Amino acid sequence: MSQFVEKVFRSRQTLLKVLHDRGYDTVGAEKFGPEEIRSGLAASSNGKALEFTVKARDGIDVPTPTVRVYIFLPRIKQKLAGFLNSLETPAGIAPEASSRKPDQLGSPVDPGQTTVICLINEPVVSVFHQASINQWAVRNLRLSFFYMDSFQMNPLDHYLVPPHEIIPKEQHEALMKSMYITQKSQFPLIRYHEDPVARVIGAIPGDIIKITRPSPPAGEYIVYRVCTP
């Protein structure tokens, strides 16, 4: 169990920093340390006791007011369809008729209110990427998967990763006009949920991402990429 405690704690801390940088209140979740993780694993070896939600900080503009975080220690690739079904409201039942609050773990997800992030104990392969793409295409649900073993540090903190910033949608038209671009497809592409930085910053298809790279002669230069499935 000790190896699980270490990687769950470290990947969880990385995710909390990412969520804080996005504008969410992580103070309560940050108080959950290795001992609490050890106790949670003792109570539920599959990691279910470690799940949590965070809400947006006051005055911060975020895509959804709530983020729901699932932690999976058993491998879930073969059970992924069942998990995705659990996030959907059964046909014929209104979301507000659910016995659980919309932001409560285990309840169906309202895509306009909740982002779903999963820390998993297996590599994020194409089946997970496709699940994220499908959920966005069908329901506009923001769904991300991160492999705990490779999420021990925030990739945005690495010195080789330049700053990435999502340009607000209301600025897209002016930016494209200034660059004499008529369609977003003319921008270089960054793949939705395949690019690790795009996943970390929460980019979705259609987002324009500003990347500020160092330049020896100019100090820095800026490139723009459009997020695409």
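The values are calculated or read from the model by the stated rules, or taken from the named source; none is laboratory data. Fair warning: this is a prediction, and the values are worked out from it, not measured in the lab. Cβ placement follows ideal geometry from the backbone for every residue including glycine, while neighbour counts extend to all protein chains displayed. Quick note on the areas: whole protein, heavy atoms, side chains included, nothing else; ligands and nucleic acids left out. Shrake-Rupley method; radii C 1.70, N 1.55, O 1.52, S 1.80 Å.
Give the residue that is modelled with the highest pLDDT, with candidates limited to residues of region 83-100 that are farther than 13 Å from residue 135 by Cβ and surrounded by 11 or more Cβ atoms within 10 Å (Cβ to Cβ).
89
For residue 153, indicate whether it is open to solvent by 80 Å² or more (accessible area, probe 1.4 Å) and either modelled with pLDDT of 95 or more or in contact with a helix residue (DSSP H, G or I) (Cβ under 7 Å, 6 or more places away or on another chain) (or both). I'd like the intermediate steps shown before the answer.
Working: open to solvent by 80 Å² or more (accessible area, probe 1.4 Å): yes; either modelled with pLDDT of 95 or more or in contact with a helix residue (DSSP H, G or I) (Cβ under 7 Å, 6 or more places away or on another chain) (or both): yes.
When the stated conditions are applied, residue 153 passes them.
In region 132-145, which residues are of a type outside the set (S, T, N, Q) and open to solvent by less than 10 Å² (accessible area, probe 1.4 Å)?
Within region 132-145, 141, 143, 145 meet the criteria.
Residues checked against (1) surrounded by 14 or more Cβ atoms within 10 Å (Cβ to Cβ); (2) at pLDDT below 95; (3) out of contact with any helix residue (DSSP H, G or I) (no Cβ under 8 Å at 6 or more places or on another chain):
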{"site": "29", "(1), (2), (3)": "yes, yes, no"}
{"site": "40", "(1), (2), (3)": "yes, yes, no"}
{"site": "56", "(1), (2), (3)": "yes, no, yes"}
{"site": "60", "(1), (2), (3)": "no, yes, yes"}
{"site": "81", "(1), (2), (3)": "no, yes, yes"}
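Here is a yes/no grid of residues against (1) modelled with pLDDT of 95 or more; (2) closer than 27 Å to residue 124 by Cα:
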| position | (1), (2) |
| --- | --- |
| 168 | no, no |
| 176 | yes, no |
| 182 | no, no |
| 191 | no, yes |
| 214 | no, no |
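Inside region 191-229, can you point out the residues that are touching a Lys or Arg at 6+ places or on another chain (Cβ under 9 Å), surrounded by fewer than 15 Cβ atoms within 10 Å (Cβ to Cβ) and among the aliphatic types (A, V, I, L, M)?
Matches in region 191-229: 222, 223.
Among the residues that make up region 146-157, is at least one of them closer than 30 Å to residue 77 by Cα, among the polar types (S, T, N, Q) and without any contact (Cβ under 8 Å) to a residue 40 or more places away in the chain?
yes
I'm told residue 172 meets every condition in (1) open to solvent by 30 Å² or more (accessible area, probe 1.4 Å); (2) in contact with a helix residue (DSSP H, G or I) (Cβ under 8 Å, 6 or more places away or on another chain); (3) modelled with pLDDT of 95 or more except one. Can you identify the failing condition by its number?
(1) is the only condition that residue 172 fails.
Select, from 205, 217, the only residue that is out of contact with any helix residue (DSSP H, G or I) (no Cβ under 8 Å at 6 or more places or on another chain), in a loop (DSSP other than H, G, I, E, B) and farther than 30 Å from residue 3 by Cα.
217 is the lone residue from the list that is out of contact with any helix residue (DSSP H, G or I) (no Cβ under 8 Å at 6 or more places or on another chain), in a loop (DSSP other than H, G, I, E, B) and farther than 30 Å from residue 3 by Cα.
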